[in-house]
Amino acid sequence: MSASPFRPGQPAAHATLPPDRPRPPVPQFRRATVSVDGAAFAECLTEVSARYGVEPQTAAVAAVAAALAARHRRGRTALAVGTVLGPARLLDVEVDPGGRAAATVTLGRLDAELETALDSDPGAGSGSVGRSGVAVLFGRPAEEWQGIEPQLADRDLVLGLDPDRKEAGCEFDRDLYDPASVTAFCEDVRQVLTALLESPDLPVLDIDEEADPEPAQAAPAAPGTPEPGTAARLLTDIWAEVLDVSPAEIDAGSDFFALGGHSLLAARVAMRAGTVFGVEITVEDVFHHPTLSALADWIDRAAPSTVRPIPTAPAGGAHPLSSAQTGIWLAEQLNPGAAQYNFPLYWRLRGTVDPDALRRALDTLVRRHEALRLRITESDAGPVQTLAPASAAPFETVELPGPDEAALAALVDRTVNAPFDLAESTLRAVLVRLADDDWAFVLVVHHIVCDQWSLAGLVDELGALYAGRATAPDDRPRTGYLDYAAWHRGVLAERLPALQDHWRESVVGAPEVDLTALHRTDAGPGLRSGCHRFGIPAGLLGEVEALGRRSGTTPFMVLYAAFLGLLHRYSGGHDLTVGTSVAGRNHPQLETTVGSFVNLVQLRTGLAAGLPFRELLDRARATVIDAYAHQDYPLETALRERRAHGAPGSPLTSVIFELLNVDPVRLTLPGAEAEEVPVRVRSAKFGLMVTMESTSSGTIGNVEYQADRYDAARVARFVEHYLSLLAAVVRDPELRADGWLPAGEPAAPDGAAVAPGAGPRHERTATDPTPASGRRAALETVLADIWADELGVDAVGADQDFFALGGYSLTATRIVARLRRELSVTVPLRVLLVDGTVAALAAHIEAHEPDLPGLYRTVRVIRLARADEHRQRQTADQERS
């Protein structure tokens, strides 16, 4: 056995005690301890030390290395060794599996090099290199040890030995190990020491001589990587946990999606498996290797990869929004006072409720999760977010005399639909007492700080805090939303050029789906929402799942392909674009982080005449997988690309189709039975959004639409056609497009498509006031100068499009800030984003701002500056000539 201080250029195969359970995607550092016979260990260490003339810690290191190497069938391991009080040194410890060299020589060499390594630790004082207290630390990447003082709470397993005091103990990560496994390992270490006493010529490590040697050029394994061949076993455990099935139900040929998997669960598998196996796994990889054996083989062949941790963001100050938040904030600016991004939850509580306990639980919840304390404000550089100090959550208690259901309904409606001032709060709660045993509880969170993935965990935690089953200091999330936002900006900066190259052609050329057949006769713009709920019969859903298993697709892909067939029949279009949301949690540290991560991506699919449904399903599958693989493309960037290329409308937000596969939200309060009551906001986020959601009573569909544009009766008929088409194609996937619905039902509409939500663009006509002179001309001069300055162009015409000139949301924010600062004019951001020309903006300001005291002074300054620039150019031209 030999040892030398670890050198990064020559890494050893890193060893840890093989875990009993898959490594959690986000380490929780929950510790446990098993007792070790300190007297027996002390006796062995003392005798080995005396017999071979080495330090007791040398014997301990040798024994631990040998026990680890025996379990891993390899003779070279990386161990972190240090005193209990002092810093650690990572050693590359070699155990000779075939040599018969005397243990005296082996331990003597190790003793000398170990002493040198520990004594040379930077910053180790005389007190920190005490030779009697030993901690053997292992199971972490080598690079994490250099120059870092060890924190015992961060290690997989810590074996502490103190022969002088005859004390020993083993602390371990209880999320990874069972106490019995740790106890057995400690016994193996003691047996190695006993073997050294019985035979000095006995090899420290006894490996099966017939075992195949490992390839000499094998790449070093990632930290904690399981041995080859164990991938299937560990992957089975991951699948069982994620899919909530018994491991006995999973075998090598099991298909992840046939067992109930879908895209969100695939994302969880990718995150957890990537952490356990030390390789980079994407959702796309799970789709392409859906069986257990295929994915395990792919993992065994994959190159080791270390997921870069999300660093902690700088504390204090203002932080830019994430890309997901930016899209939500822009929508809020376009529709101020609307509540379309409120997430409402409403329960009727039957039984005893303690208002003070519920208030304290909510306060603790907000204190734990920084996303719930974020405040969004505007600055000259754009929207920013700051972290508010922990304080009491907005919580109101109301008493309604008697069972006044009408008054209760009105109160709930006001609570749900009241807009948030994001600079003050992003959460509110109201507890209503109707009687001693009859209560109502409403919780509303803004989407800019919370997505639906977060809701179930938050509500579970609220119930646990109310019941006293959780304590605030111990289990706080280790990755905050501000950490994510800062990290993701850096990641996006690296990936955005490639994402733009991938998406540009598809985004720019996508036509809007023509749903004129659903329009009201008096259709107009507006955010007033309508809602049509429907159920998918259990038998039909079973047929959907069966078709998915036969075709290698998910239920979402089958439902989406059928929806495309319906859009084709209603619109007559063969190039269809639908938006759908993706979770956006593509890092292990984000699985339990509360915040807004969802991004809206484009699903653009082509249909051909006479296409059988099976082929459409194949196309839908390819489209969905490609969108998941490139899901980081920000919605704002996609919309900006369309406007820059003069493409009208926004197909990404006109028609939305999604299947909610998030955990169900269940409130559990001891002493009261909670019944969730469906509730919705009055403002529609999109033109038409179809959502499928799995519930305890089956799969429920919901169509939310802009009620000022779409007719309720026609939407209901639309849903009937969808269910009829779905039933037809799952029973006969070879059915061609003309047979998906009965002939003539519905007829493809005539006429051009109408862009939902599109307002009239300002086009100058003969009746418009001419801007040739007067205040309008001065105003356009100032606006054009500000635009040119912010857009970085030489000049801007009155009718040139803001987005075609390269503008985007933050540029618009800076322009609005300058108007406020230089002209004392307040212009809603939506004016610039919807009617994006100087002429339209000037018309708005003229109509709403009768007094512009600084206008002509600003014009004079601009003209003087232009005259000065002209003189400078003339002088330069004369000098050159």
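The values are calculated or read from the model by the stated rules, or taken from the named source; none is laboratory data. What you see is a predicted model, and the numbers here were worked out from it, not measured in a lab. Here the Cβ positions follow ideal geometry from the backbone for every residue, glycine too, while neighbour counts run over all protein chains shown. For the accessible areas, the whole protein counts, side chains as well, though only heavy atoms, and no ligand, DNA or RNA atoms are used. Shrake-Rupley method; radii C 1.70, N 1.55, O 1.52, S 1.80 Å.
Within the option set 639, 635, being open to solvent by 20 Å² or more (accessible area, probe 1.4 Å), modelled with pLDDT under 90 and within 24 Å of residue 266 (Cβ to Cβ) holds for one residue only, 635. Filtered by the rule that a residue be in a helix (DSSP H, G or I) and open to solvent by less than 40 Å² (accessible area, probe 1.4 Å), the stretch 171-189 gives 181, 182, 185, 186, 189. Applying the selection to the stretch 772-788, what residues are modelled with pLDDT under 80 and open to solvent by 30 Å² or more (accessible area, probe 1.4 Å)? Scanning the stretch 772-788 gives 772, 773, 774, 775.
Scanning the stretch 797-819 for residues that are modelled with pLDDT of 75 or more and open to solvent by 40 Å² or more (accessible area, probe 1.4 Å), we see that the one that is nearest to residue 384 (Cα to Cα) is 814.
Let's see how each residue does on (1) closer than 30 Å to residue 358 by Cα; (2) of a type in the set (Lys, Arg); (3) modelled with pLDDT of 85 or more:
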{"position": "475", "(1), (2), (3)": "yes, no, no"}
{"position": "492", "(1), (2), (3)": "no, no, yes"}
{"position": "520", "(1), (2), (3)": "no, yes, yes"}
{"position": "532", "(1), (2), (3)": "no, no, yes"}
{"position": "537", "(1), (2), (3)": "no, no, yes"}
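Would you point out which residue out of 665, 624, 677 is among the hydrophobic types (A, V, I, L, M, F, W, C), in contact with a helix residue (DSSP H, G or I) (Cβ under 7 Å, 6 or more places away or on another chain) and closer than 30 Å to residue 437 by Cβ? Only one candidate passes the filter, namely 665. Would it be correct to say that residue 373 is more than 27 Å from residue 678 (Cα to Cα) and of a type outside the set (Val, Ile, Thr)? No: the conditions fail for residue 373.
With the structure loaded, tell me whether residue 590 is within 23 Å of the chain's Cα centre (by Cα) and crowded, with 23+ Cβ neighbours inside 10 Å or whether it fails that test. Answer is yes for this residue. Of all residues in the stretch 244-264, those satisfying the criterion of being hydrophobic (A, V, I, L, M, F, W, C) and either open to solvent by 10 Å² or more (accessible area, probe 1.4 Å) or within 14 Å of the chain's Cα centre (by Cα) (or both) are 245, 248, 250, 252, 257, 258, 259, 264.
Among the conditions (1) out of contact with any helix residue (DSSP H, G or I) (no Cβ under 9 Å at 6 or more places or on another chain); (2) assigned to a strand (DSSP E or B), the only one that residue 578 does not satisfy is (1).
Does the stretch 499-528 hold any residues that are closer than 21 Å to residue 704 by Cα and open to solvent by 50 Å² or more (accessible area, probe 1.4 Å), and which are they?
Within the stretch 499-528, 520, 521, 522, 525, 528 qualify.
Can you tell me which residue is most open to solvent (accessible area, probe 1.4 Å) among those in the stretch 529-551 that are outside any helix (DSSP H, G or I) and either out of contact with any strand residue (DSSP E or B) (no Cβ under 7 Å at 6 or more places or on another chain) or not basic (Lys, Arg) (or both)? Before you say what the answer is, go through the steps one by one.
If we filter the stretch 529-551 for residues that are outside any helix (DSSP H, G or I), which is where we start, we get 529-537.
When the remaining residues are screened for being either out of contact with any strand residue (DSSP E or B) (no Cβ under 7 Å at 6 or more places or on another chain) or not basic (Lys, Arg) (or both), the result is 529-532, 534-537.
Values: 529: 12, 530: 7, 531: 48, 532: 51, 534: 24, 535: 40, 536: 12, 537: 74 Å².
Out of the qualifying residues, it is 537.
Consider the stretch 265-284 and keep the residues that are open to solvent by 30 Å² or more (accessible area, probe 1.4 Å) and not polar (S, T, N, Q). The one that is nearest to the chain's Cα centre (by Cα) is 268.
One residue stands out in the stretch 552-580 among those that are open to solvent by 30 Å² or more (accessible area, probe 1.4 Å) and farther than 16 Å from residue 728 by Cβ: the one that is nearest to the chain's Cα centre (by Cα), namely 555. Residue 595 fulfils the conditions (1) on the phi < 0 side of the Ramachandran plot; (2) open to solvent by less than 40 Å² (accessible area, probe 1.4 Å) except for a single criterion, (1). Of all positions in the stretch 408-420, at least one carries a residue that is closer than 30 Å to residue 710 by Cβ, buried (at least 17 other Cβ atoms within 10 Å of the Cβ) and in contact with a Gly (Cβ under 6 Å, 6 or more places away or on another chain).
Yes/no matrix, rows are residues, columns are (1) open to solvent by 30 Å² or more (accessible area, probe 1.4 Å); (2) over 30 Å from residue 818 (Cβ atoms); (3) not aromatic (Phe, Trp, Tyr):
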position: 364; (1), (2), (3): no, yes, yes
position: 384; (1), (2), (3): no, no, yes
position: 406; (1), (2), (3): yes, yes, yes
position: 427; (1), (2), (3): no, yes, yes
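Could you please let me know if residue 325 is buried (at least 22 other Cβ atoms within 10 Å of the Cβ) and closer than 15 Å to residue 450 by Cα? When the stated conditions are applied, residue 325 passes them.
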